[in-house]
Amino acid sequence: MSGMPKGKTNKSARKRVRVTKSGKVKFRHSFTSHLLSSRNSNRLRKLRRRAVAASGDQKRVLDMLRGARP
């Protein structure tokens with residue numbers, strides 16, 4: 001018996017983002033792994049915080065995650 005195929009979660013997206021209870025997509029900033037001495041401390045402090053995806057990107061990421069919608 002063949003039904004509808006199951007949708008697959010994009011594993012690379014699943015490792016990199018989190019979906020909050022309200023449905024926002026949170027992710028880690030880039031530019032935080034090396035060559036940090038050239039950046040000022042204020043910038044580094046802001047990069048430590050998680051970022052929230054823009055609405056257009058959010059829709060695309062949620063499609064990659066399939067069933068992650070709250």
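The values are calculated or read from the model by the stated rules, or taken from the named source; none is laboratory data. For clarity, every value in this text was computed on a predicted model and none was experimentally measured. Glycine gets a Cβ as well: all are built from the backbone with ideal geometry, and neighbour counts include every protein chain shown. What goes into the accessible areas is simple: the full protein's heavy atoms, side chains included, and nothing from ligands, DNA or RNA. Shrake-Rupley method; radii C 1.70, N 1.55, O 1.52, S 1.80 Å.
How much of the accessible area of the chain, probe 1.4 Å, is carbon plus sulfur, in whole percent?
About 51 percent, which is the carbon plus sulfur part of the accessible surface.
If you put +1 on each Lys and Arg Cβ and -1 on each Asp and Glu Cβ, how big is the dipole of the chain around its Cα centre, in Debye rounded to 20? All intermediate terms of the calculation are to be shown ahead of the outcome.
On the way: 22 positive and 2 negative charges, 59 e Å.
Here the size comes out at about 280 debye.
Per residue, how much accessible area does the chain show when a 1.4 Å probe rolls over the protein heavy atoms, in square angstrom?
Numbers: 6360 Å² over 70 residues.
Value returned for the chain: 91 Å² of accessible area per residue.
Lys/Arg Cβ at +1, Asp/Glu Cβ at -1, dipole of the chain taken about the Cα centre: which of 12, 29, 44 is farthest positive-ward?
44
With θ set to phi - 60° and the Karplus curve 6.51 cos²θ - 1.76 cosθ + 1.60, what are the ³J(HN,Hα) couplings of segment 44-50 in order, to the nearest whole Hz, using x for Gly and Pro?
4, 5, 5, 6, 5, 6, 6
Please work out the ratio of the alpha-carbon Rg of the chain to 2.2 N^0.38 Å and round it to two decimals. Present the calculation step by step, with values, prior to reporting the outcome.
Numbers: Rg = 16.2 Å, N = 70, 2.2 N^0.38 = 11.1 Å.
Normalised Rg, Cα atoms only: 1.47.
Give the calculated FRET efficiency between residue 48 and residue 8 to the nearest 0.05, with a Förster radius of 30 Å applied to their Cβ-Cβ distance.
0.40
What list of ³J(HN,Hα) couplings, whole Hz, do you get for segment 3-11 from phi and the Karplus terms 6.51, -1.76, 1.60, once you set θ to phi - 60° and write x for glycine and proline?
Along segment 3-11, the couplings run x, 5, x, 6, x, 9, 6, 6, 5 Hz.
Whole-Hz ³J(HN,Hα) for each residue in segment 24-29, computed from phi via Karplus 6.51 cos²θ - 1.76 cosθ + 1.60 with θ = phi - 60°, x for glycine and proline: what do you get?
Calculated HN-Hα couplings, in order: 6, 9, 9, 8, 8, 5 Hz.
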